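Heads up, the thing below is written out as structure tokens.
The values are calculated or read from the model by the stated rules, or taken from the named source; none is laboratory data. No experiment lies behind these values; they were computed from the predicted model shown. In this analysis, Cβ positions are derived from the backbone assuming ideal geometry, glycine residues included, and neighbour counts consider all displayed protein chains.
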Amino acid sequence: MEVVTTGHRTSVPDSLKTYLSGKLNRLERLDPDGQRLELDLCIERNPRQEDRRDRVALTWWSDSRVHHAVASGATAYAALEAALAKLCRQLRAAHERARVHHGRRTPATLRREPAAVDPQMRDDSHWLALSWFGPDRAAAHLI
């Protein structure tokens, strides 16, 4: 895995590089085909933009696609965390799109489980709620 860091109007501190290298295994777990990660750190000099002073842009290069995430924050670490969260969401969504979503191979996160029915609640009011609201929302309305 190649990591490239670039700073605009500033230099990227070594502590930020080590912090990023500690977070790389989370990205590699979501997309094991990743080949390159680029980090661009930019400092905004406008005093009115103090709460969004540091801007981090992450670009993840994989075998088949490229993902890009940009975030701003008061510190470089806050901006990096926000950009990593965006990049992880993109990688997770791409991974879910590539999976088979029908039959027995449906991912557990997308599988629709029937609502659990308490055996003590088998009176007429329960079955009325079950027929009225449907099997998925009946348990929530009986509480």
**Item:** Residue satisfying all of: in segment 1-21; part of a loop (DSSP other than H, G, I, E, B) and touching a residue at least 12 places away in the same chain (Cβ under 8 Å); surrounded by the fewest Cβ atoms within 10 Å (Cβ to Cβ) among these
**Value:** 9
**Item:** Residue identified as of a type in the set (A, V, I, L, M, F, W, C) and touching a Ser or Thr at 6+ places or on another chain (Cβ under 6 Å) among 58, 39
**Value:** 39
**Prompt:** Quick check, is residue 48 closer than 16 Å to residue 7 by Cα, modelled with pLDDT under 95 and of a type in the set (Lys, Arg)?
**Reply:** no
**Asked** Counting only residues that are charged (D, E, K, R) and touching a residue at least 24 places away in the same chain (Cβ under 8 Å), which one in segment 22-43 is surrounded by the fewest Cβ atoms within 10 Å (Cβ to Cβ)?
**Response** 33
